[in-house]
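One structure is given below, encoded as structure tokens.
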Amino acid sequence: MRTLDDILEEYEFLEGDERYSLLIELGRELEPMPDALKTDATLVRGCSAAVWVYPTEAGDKLHFLADSNAAITKGIVALVISAVQDKPAEAVAQMDVTGALAPFDLKNQLSSNRTQGVPNMIALVKEHAARLAAA
């Protein structure tokens with residue numbers, strides 16, 4: 001998975017439809033999520049499309065499997081995941097994920113129904129990180 005900095009570097013050179021294409025490409029690059037993990041328990045509430053996020057652990061680092069049934073939404077999911085993937089739980093719990101995603105200006109680049117679930121996804125990731133960091 002690409003780093004958020006690498007994605008931003010490419011994103012800044014693109015405009016309009018090219019940015020949509022990049023998001024779709026990011027979604028395609030997500031690690032496959034087995035269908036068995038796509039359950040009500042892993043469904044992110046408040047998203048216009050179906051979004052599933054499943055946290056796994058790799059030592060003291062967080063690792064997420066995620067998927068969506070909509071291409072651009074899946075790209076947004078990949079963007080959020082790239083901000084936190086394989087980082088220590090304690091660092092993610094304290095991280096300003098919203099601030100890290102701010103340079104992408106998603107609210108102005110995409111329709112509101114495409115971005116409405118982003119805060120819920122960030123909250124889910126941070127809650128999981130906080131639980132692991134406290135353990």
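The values are calculated or read from the model by the stated rules, or taken from the named source; none is laboratory data. Values in this document were obtained by computation on a predicted structure and should not be read as measured data. Here the Cβ positions follow ideal geometry from the backbone for every residue, glycine too, while neighbour counts run over all protein chains shown. Accessible surface is based on the protein model in full, side chains and every heavy atom, while ligands, DNA and RNA are left aside. Shrake-Rupley method; radii C 1.70, N 1.55, O 1.52, S 1.80 Å.
Some observations on this one:
- Among the helices of the chain, those built from whole DSSP H runs whose Cα atoms reach 15 Å or more along their own axis and whose mean Kyte-Doolittle hydropathy is at least -1.0 are 16-29, 71-84, 118-134.
- 26 Å Cα-Cα reach of LYS38 towards lysines, excluding residues that sit fewer than 8 places from it in its own chain: LYS61, LYS74, LYS87, LYS126
- Put a dot 7 Å past the Cα of GLU57, heading toward its Cβ, do the same for LYS107, and the two dots end up 3.5 nm apart.
- Averaging Cα coordinates gives a centre for the range 10-29 and one for the range 51-93; these two points are 18 Å apart.
- Note on the chain: GNM, Cα springs under 10 Å; of ASN69, ASN108, ASN120, the largest mean-square fluctuation is that of ASN108.
- About its Cα centre, the dipole of the chain is roughly 560 debye, where the only charges are +1 on Lys and Arg Cβ and -1 on Asp and Glu Cβ.
- Gyration tensor (alpha-carbon) shape descriptor, the range 1-79, a/c threshold 1.5: oblate
- Listed residues TYR11, TYR20 arranged by accessible area, highest first, probe 1.4 Å: TYR20, TYR11
- Projecting the Cα atoms of TYR11, HIS128, VAL92 onto the charge dipole of the chain, computed from C-beta unit charges around the Cα centre, puts HIS128 farthest toward the positive end.
- Accessible surface of the chain [probe 1.4 Å, protein heavy atoms]: carbon and sulfur percent: 50
- Heavy-atom surface of the chain, accessible at 1.4 Å and reported per residue (Å²): 53
- Diffusion coefficient, µm² s⁻¹, Stokes-Einstein with Kirkwood Rh over alpha-carbon pairs of the range 13-135 at 37 °C and 0.692 mPa s: 225
- Under 5 Å, built H, 5+ apart or other chain: amide partners of LEU65: TYR54, THR56
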